[in-house]
Amino acid sequence: MEKLAPLAVAGPFLIAALFAISMPLSRRRDDIVSIVTASAGVVFVGAMLIDVLSRDVPVVTWVGGWQPRAGVALGISMAFDPLSTSLALLAAVLVCAAFLFAWRYFETPGPIFHALMLVFGGAMAGFCLSGDLFNLFVFFELMSVTAYALTAYRSEESGPLQGALTFAVSNTVGAVFILFGIALLYARTGALNLAQIGVALAHGHADGLVVGAFAFLCIGFMVKAAVVPFHFWLADAYAVAPTPACVIFSGVMSDLGIYAIARVYWTMFDGPFHAHLETLRLVFLLFGGVTALWGAVLCLAQHHLKRLLAFVTISQIGMALIGVGLFSTEGIAAAALLIAADGLLRAGLFVAIGAVIHRTGSVNELRLYRLGRQVPRPLAAIFFAGALGLAGPPFLGAFSGKRVLEHAAIDVGHGWIIVVFVVAAILTAAAVLRAGGRVFLGWGEPAEDDPIPFGRPTGSEVERDDDEAEAETTGAPDTTPPVMIATAGALVAGGLAISLFPALVDKTLDAAARFTDRAAYAAVVLHGAKLPLPDTPNLGVDALAILFGLLSVGGAVGIALAVLSPRHRVRGLVPLRLRGPLRGTYWAVRRLHSGQAGDYVTWLSVGAATFGVLLAAATR
Amino acid sequence: MSFLPFAIAIWIFLVGLYGVVTSHHLVHLVICLSVVQSSTYLLLLGIGYRTNGAASIFVDIPPNTKAVDPVVKALTLTDVVVGAAVTALLLALAVQAQKRFGTLDPDELDPLRD
């Protein structure tokens, strides 16, 4: 098994290469080959995960057999620990789901689509499993370039063209930041293996070069994860990318950035930064909190369904960053549970929306008013189940993650952050529920209804009709293929089920303890030695968590119903005096999302400078 | 080891970034992005440089000769390849923009402004 491990990455690449060099024979053959490859990937990574869990120690393989000698690693390692393998499994599952969905979705996907998706899947697996800093970067770039190409898949339209451009420009600048960080670390340590760098840094203190390297790496990964203010590209790209690609983008690609921050911190920087954790937490909680709220507020204001889910993604990335930014074992466990549950739910919601697009040819909530009734009832039920799961009702969906996150936050003395993520969860779930109510149930009022309780500025431009979904699909067929409903149902059911089993929380805490133990990681990678696991506390379910769960669901349903209520009760709640300034702020924020790559890179630079200064201050 | 290559790497990065931010032409934008990327080549090679070091080809020189670091060269080469892929893809998008919409100004692409 160990020897075959690199196949998780290389397998999809080989099949993709076959796609690229072979003549397109038939649509059917392309679909079958890719679905079989993706399923084999799920089985393979799943088997690796079972193997890793049974051994209770990470499995490390050295590509080409270049083993470390006397604790010095020159070869390239892949590390299968429980969390990284689980994330790779999530990626493999979503690639499989995306292929199943694309099967009946596209009219004519060329073989290039299948090849790109397979390379994308292989690169994500490589990114999760890499134990080498430079390989992390190479897989990051491979993943990014295929993602740009997938976004621009319908490049004959202006939306995808512009979305792919901003996506590519922002992320390329982010990648340069990562490479700067790698270069600085190599200059200091002469190593590229994560464990080796960690050993070299362990006894130094956090001087300028180390802080700079950490800042560069974090900025690059935060661009990929779309943390505010690095997030602008995400909404543009996810709104226009073909829906099967969105399933993966939103479900797992963004979360990989958050994972990478945790990975580099806990393998390399924990030594020098351990003394500064108190202040470091403040910086990450600031960025995470702002991201969670920014995404939540803006997703309430979207009518373009895919763009709405894009802002849901941003908000939940913020929540995951809060988990990682607590820099504790429980924080990592919380982030992992959130990433798994929310990732599956978002992917399921994207498939459900894709099915609506497939049936009606439209992606605009207002235009779809009542049109969603044409799609089969089960799909509507799946959509609402997914939306409620985002709020995290007791023992479903995001509940486990939020429960552990509450514990983790209180543990390190930052209980206030709970307010932020409860509010974010309420608003994001409310936005999705509102969209579902309008589309599937025909509640609320058509077109003239306004999601914003304080109206538009006088003389503002009328919202453009962003109905760019038609060309993607076969138009408006008479039936929704059962495979789409099944895929959406399986993803949402999986996301909801994450919180059903309390044992999973304990398993995740163990895995997080393994993930955050730098010495044990270095020992197993460099010396093949097994260090005992630290004890992890078992978390009981407390009344507070259930209360917050019920509060989130109640709040979300309440807000959604209020916005959909015929008499605009919400508008009455906003005092007249406040409407002007609120309206001004709202439109100013919305105009920031201008769609221009130059503007986005400006914000990226501002964010990078802010983050760098804060990090330097935090580690003085 | 002089500080000069690092100062120039930072300068190239900033100049390229300024170009990306102010660009109104897609081809210009892509080239500026390449400039940003090329700053990393200089940084990496600067890190691996040894004064009076030989080229790191250990065929006809004795094993313990002082030589520049071959690892950073490998990193730089990989980065060049990655950069070429990104540039090619972005230029293909620029070609599409010119073909379909007759413009290379990103402002005129009528983005999805929501």
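The values are calculated or read from the model by the stated rules, or taken from the named source; none is laboratory data. What you see is a predicted model, and the numbers here were worked out from it, not measured in a lab. FYI the Cβ positions are ideal-geometry reconstructions off the backbone, even for glycines, and counts take in every protein chain you see.
Here are the numbers for the structure shown:
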read-out: Hits in the stretch A:1-29 - residues which are of a type outside the set (Gly, Ala, Ser), in contact with a helix residue (DSSP H, G or I) (Cβ under 7 Å, 6 or more places away or on another chain) and surrounded by fewer than 20 Cβ atoms within 10 Å (Cβ to Cβ); value: A:1, A:7, A:13, A:24
read-out: Enumeration of residues in the stretch A:49-80 that are polar (S, T, N, Q) and either out of contact with any strand residue (DSSP E or B) (no Cβ under 8 Å at 6 or more places or on another chain) or assigned to a loop (DSSP other than H, G, I, E, B) (or both); value: A:54, A:67
read-out: Odd one out for residue A:122 among (1) of a type in the set (Gly, Ala, Ser); (2) modelled with pLDDT of 90 or more; (3) under 21 Å from residue A:600 (Cα atoms); value: (3)
read-out: Matching helices (runs of 4 or more DSSP H) fully within the stretch A:517-620 where at least 1 residues are within 25 Å of residue A:299 (Cβ to Cβ) and not aliphatic (A, V, I, L, M); value: A:543-564, A:569-573, A:576-592, A:597-618
read-out: Subset of the stretch B:105-114 (residues that are outside any helix (DSSP H, G or I) and more than 9 Å from chain A (Cβ to nearest Cβ)); value: B:105
read-out: Residue pairs meeting the criteria (Cβ under 7 Å; at least 6 apart or on separate chains; first under 20 Å from residue A:328 (Cα atoms), in the stretch A:527-547; second among the acidic types (Asp, Glu) and surrounded by 11 or more Cβ atoms within 10 Å (Cβ to Cβ)); value: A:533/A:510; A:534/A:517; A:536/A:510; A:538/A:506; A:545/A:406
read-out: Checking residue A:171 against (1) within 11 Å of chain B (Cβ to nearest Cβ); (2) out of contact with any Ser or Thr (no Cβ under 7 Å at 6 or more places or on another chain); (3) not β-branched (Val, Ile, Thr), the condition it does not meet; value: (2)
read-out: Selected residue [buried (at least 17 other Cβ atoms within 10 Å of the Cβ), away from every other protein chain (no Cβ under 11 Å) and either at pLDDT 85 or above or not in a helix (DSSP H, G or I) (or both)] from B:31, B:47; value: B:31
read-out: Subset of the stretch B:1-28 that is touching a Gly at 6+ places or on another chain (Cβ under 8 Å) and assigned to a helix (DSSP H, G or I) - its residue that is surrounded by the fewest Cβ atoms within 10 Å (Cβ to Cβ); value: B:22
read-out: Residues (basic (Lys, Arg) and closer than 22 Å to residue A:85 by Cα) located in the stretch A:247-287; value: A:263
read-out: Tally, over the stretch A:176-204, of residues that are surrounded by fewer than 22 Cβ atoms within 10 Å (Cβ to Cβ), among the small types (Gly, Ala, Ser) and in a helix (DSSP H, G or I); value: 2
read-out: Matching residues in the stretch B:14-26 - criterion: being more than 7 Å from every other protein chain (Cβ to nearest Cβ) and under 15 Å from the mean Cα position of the chain (by Cα); value: B:14, B:15, B:16, B:18, B:19
read-out: Count of residues meeting criterion [under 23 Å from residue A:351 (Cβ atoms), within 12 Å of another protein chain (Cβ to nearest Cβ) and touching a residue at least 24 places away in the same chain (Cβ under 8 Å)] in the stretch A:124-150; value: 5
read-out: Test: residue in the stretch A:468-482 that is more than 14 Å from chain B (Cβ to nearest Cβ), at pLDDT 75 or above and not in a loop (DSSP other than H, G, I, E, B); value: yes
read-out: Residues of the stretch A:587-611 satisfying the condition of being within 11 Å of chain B (Cβ to nearest Cβ), surrounded by fewer than 22 Cβ atoms within 10 Å (Cβ to Cβ) and among the aromatic types (Phe, Trp, Tyr); value: A:603
read-out: Of residues in the stretch B:60-104 being surrounded by 13 or more Cβ atoms within 10 Å (Cβ to Cβ) and outside any helix (DSSP H, G or I), the one farthest from the other protein chains (Cβ to nearest Cβ); value: B:61
read-out: Filtered residues of the stretch A:52-71 (kept if touching an Asp or Glu at 6+ places or on another chain (Cβ under 8 Å) and of a type in the set (Val, Ile, Thr)); value: A:52, A:59, A:61
read-out: Residue ID - surrounded by the most Cβ atoms within 10 Å (Cβ to Cβ), chosen from residues in the stretch A:315-330 that are assigned to a helix (DSSP H, G or I) and either within 14 Å of chain B (Cβ to nearest Cβ) or hydroxyl-bearing (Ser, Thr, Tyr) (or both); value: A:315
read-out: Any hit, the stretch A:151-161, residues being within 17 Å of the chain's Cα centre (by Cα), surrounded by 24 or more Cβ atoms within 10 Å (Cβ to Cβ), in a helix (DSSP H, G or I) and more than 8 Å from every other protein chain (Cβ to nearest Cβ); value: yes
read-out: Residue selected from the stretch A:564-620 under the condition more than 24 Å from the chain's Cα centre (by Cα), at pLDDT below 85 and hydrophobic (A, V, I, L, M, F, W, C), by the criterion farthest from residue A:286 (Cα to Cα); value: A:576
read-out: Helices (runs of 4 or more DSSP H) completely within the stretch A:205-304 that count 2 or more residues being within 18 Å of the chain's Cα centre (by Cα), away from chain B (no Cβ under 14 Å) and surrounded by 24 or more Cβ atoms within 10 Å (Cβ to Cβ); value: A:208-225, A:243-248, A:254-264, A:277-300
read-out: Meets criteria (assigned to a helix (DSSP H, G or I), of a type outside the set (A, V, I, L, M) and surrounded by fewer than 24 Cβ atoms within 10 Å (Cβ to Cβ)) for residue A:134; value: yes
read-out: Extreme residue, nearest to the other protein chains (Cβ to nearest Cβ), among residues of the stretch A:175-201 that are of a type in the set (Val, Ile, Thr) and in contact (Cβ under 8 Å) with a residue 40 or more places away in the chain; value: A:176
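Each row is one residue, and each column tells you yes or no for (1) among the acidic types (Asp, Glu); (2) within 20 Å of residue A:99 (Cα to Cα); (3) under 27 Å from the mean Cα position of the chain (by Cα).
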{"position": "A:2", "(1), (2), (3)": "yes, no, no"}
{"position": "A:5", "(1), (2), (3)": "no, no, yes"}
{"position": "A:18", "(1), (2), (3)": "no, yes, no"}
{"position": "A:29", "(1), (2), (3)": "no, yes, no"}
{"position": "A:37", "(1), (2), (3)": "no, yes, yes"}
{"position": "A:47", "(1), (2), (3)": "no, no, yes"}
{"position": "A:54", "(1), (2), (3)": "no, no, no"}
{"position": "A:58", "(1), (2), (3)": "no, no, yes"}
{"position": "A:62", "(1), (2), (3)": "no, no, no"}
